[in-house]
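Okay, so here's the structure we're looking at.
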Amino acid sequence: MKEFAAPEIQVAAVPVRVEKRQTPSGIAYRIVGIVWGGRQRVERLAIRFGVDGPWTPFPVCGASGPAGTWSLWEFWWRPELRGTYSIFLSVPDRSVPHRRLDTGYYMREVTV
């Protein structure tokens with residue numbers, strides 16, 4: 001009989017909701033999502049808008065738990081122009097495997 005090892009679920013993250021908010025300094029968008037999987041805790045993610053946009057690191061709302069659990073994250077954003085934006089996520093810590101994030105598998109679009 002062969003031994004069975006369940007496949008590892010690498011870290012993944014996806015935006016779930018984009019909220020338009022009026023703030024004292026103008027319109028801002030609150031992006032909320034989840035992060036899950038992996039064998040290591042994830043304390044920071046990075047977000048970019050568009051294929052060529054700069055990566056901006058931000059903290060996860062309480063570090064993600066061990067494999068099989070998830071955590072929430074939020075990011076406040078003020079786009080310079082109206083339009084449709086692709087939202088990409090990554091893990092700044094390159095020692096954390098996250099192949100599907102790197103391929104754009106969890107990319108989402110938002111129109112503002």
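The values are calculated or read from the model by the stated rules, or taken from the named source; none is laboratory data. A quick note: this is a predicted structure, and the numbers were derived from the prediction, not measured. We place every Cβ from the backbone using ideal geometry, glycine too, and count neighbours over all the protein chains shown.
Six or more apart or on different chains, Cβ atoms under 7 Å: show the pairs whose first residue is in the range 27-49 and part of a loop (DSSP other than H, G, I, E, B) and whose second is polar (S, T, N, Q).
From the range 27-49, the pairs are Gly37/Gln10; Gly38/Gln10; Arg41/Ser64; Val42/Ser64.
When you check Gln22 against the structure, is it more than 12 Å from the chain's Cα centre (by Cα) and surrounded by 13 or more Cβ atoms within 10 Å (Cβ to Cβ), yes or no?
No.
Looking at Glu43, is it loosely packed, with under 12 Cβ neighbours inside 10 Å and either among the acidic types (Asp, Glu) or in contact with a Gly (Cβ under 8 Å, 6 or more places away or on another chain) (or both)?
no
Starting from the range 93-106, take each residue that is aromatic (Phe, Trp, Tyr) and list its partners that are at pLDDT 90 or above, counting only C-beta distances under 7 angstrom and pairs at least six apart or across chains.
Tyr106/Ala12; Tyr106/Ala13; Tyr106/Val14; Tyr106/Leu89; Tyr106/Arg100
Across the range 3-19, what is the number of residues that are more than 15 Å from Phe75 (Cβ to Cβ) and surrounded by 15 or more Cβ atoms within 10 Å (Cβ to Cβ)?
3
Which ones in the range 76-90 are in contact (Cβ under 8 Å) with a residue 12 or more places away in the chain and of a type outside the set (Ser, Thr, Tyr)?
Trp76, Trp77, Arg78, Pro79, Arg82, Gly83, Ile87, Phe88, Leu89
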